[in-house]
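Heads up, the thing below is written out as structure tokens.
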Amino acid sequence: MRRINIAIDGFSSCGKSTLAKQLAHHLGYTYIDSGAMYRAVALYVLENGLVSEGKLRKEELLRALDGIQIGFKHDDASQRSETWLNGRNVESKIRGMEVSRHVTLVSPVPEVRAKLVALQKAMGREGGVVMDGRDIGTVVFPDAEVKLYMTARPEVRAQRRYLELVGKGVEVDYASVLENITRRDDDDLKREADPLLKAADAFEIDNSDLTASEQFELALGQVLKTVGEQAEA
């Protein structure tokens, strides 16, 4: 079976990563979390004091940009791809609320997006990649054979994210999680550089009332349909 690229776009906390991992595991593909790359940049900004009074010191970030190295390594114990920043595993660090609050400072920066998009395009050059994010089907992989667009009600997404963080021992309240999600939605939709858009040929999945397994079956059906149609062509 020919290896294709699968692009998954959608709002924050829609379960994009969960679905992407499921598909990659089932198909034997490589999973790439593009959002983790932006989170890694946000972590770099925080650790290097490039935020002052809630504002990004953009010029300093741009001077440091060439030296920021981001990659993924497969962890045999967890069977997951983990994010590395400048030679160290930062997977756990990039998932906290502090990084979440600062992602919106770095994600709209055109130079940051250009660097990460170039890295993402290179990762998918040979096919066999499942990548999730905000602009995968429109900017990174506009020719992806399968494009999925995921959405869910903000309150549902906030509850899922809240339970995930609490399960990891993070002290957080639901209201702050909901505020973070609605702020990120606004930023994703309105930013000038590569805003969140549904590709014209994307299959939309609203998973507000779907289980993870129901969502997976829907998405896998689209993949198998596409592969079958191409095999017959």
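The numbered conditions (1) in contact (Cβ under 8 Å) with a residue 24 or more places away in the chain; (2) surrounded by fewer than 18 Cβ atoms within 10 Å (Cβ to Cβ); (3) closer than 24 Å to Ala20 by Cβ are all true for Ala118 except (1). Restrict the check to region 128-138 and report whether at least one residue is surrounded by fewer than 22 Cβ atoms within 10 Å (Cβ to Cβ), within 15 Å of the chain's Cα centre (by Cα) and closer than 27 Å to Lys55 by Cα. Looking for residues that are surrounded by fewer than 22 Cβ atoms within 10 Å (Cβ to Cβ), within 15 Å of the chain's Cα centre (by Cα) and closer than 27 Å to Lys55 by Cα, one finds none in region 128-138, hence no.
The residue that is nearest to the chain's Cα centre (by Cα), counting only those in region 150-165 that are at pLDDT 95 or above and among the charged types (D, E, K, R), is Arg157.
Screening region 1-90 for strands (runs of 3 or more DSSP E) wholly inside it with 1 or more residues that are without any contact (Cβ under 8 Å) to a residue 12 or more places away in the chain returns the ranges 70-75, 80-85. Scanning region 187-211 for residues that are surrounded by fewer than 12 Cβ atoms within 10 Å (Cβ to Cβ), within 24 Å of His25 (Cβ to Cβ) and small (Gly, Ala, Ser) returns no hits. Considering only residues in region 166-186 that are modelled with pLDDT under 90 and of a type outside the set (Gly, Ala, Ser), the one that is surrounded by the most Cβ atoms within 10 Å (Cβ to Cβ) turns out to be Arg184.
Within region 149-183, the set of residues being assigned to a loop (DSSP other than H, G, I, E, B) and under 28 Å from Ala199 (Cα atoms) comprises Ala152, Arg153. Does region 43-63 contain at least one residue that is touching a Gly at 6+ places or on another chain (Cβ under 9 Å), closer than 25 Å to Ala193 by Cβ and polar (S, T, N, Q)? Scanning region 43-63, I find no residue that is touching a Gly at 6+ places or on another chain (Cβ under 9 Å), closer than 25 Å to Ala193 by Cβ and polar (S, T, N, Q), so the answer is no.
The values are calculated or read from the model by the stated rules, or taken from the named source; none is laboratory data. Quick caveat: nothing in here was measured; it's all calculated off a predicted structure. Positions of Cβ are generated from backbone atoms using ideal geometry, with glycine treated the same way; all protein chains shown enter the neighbour counts.
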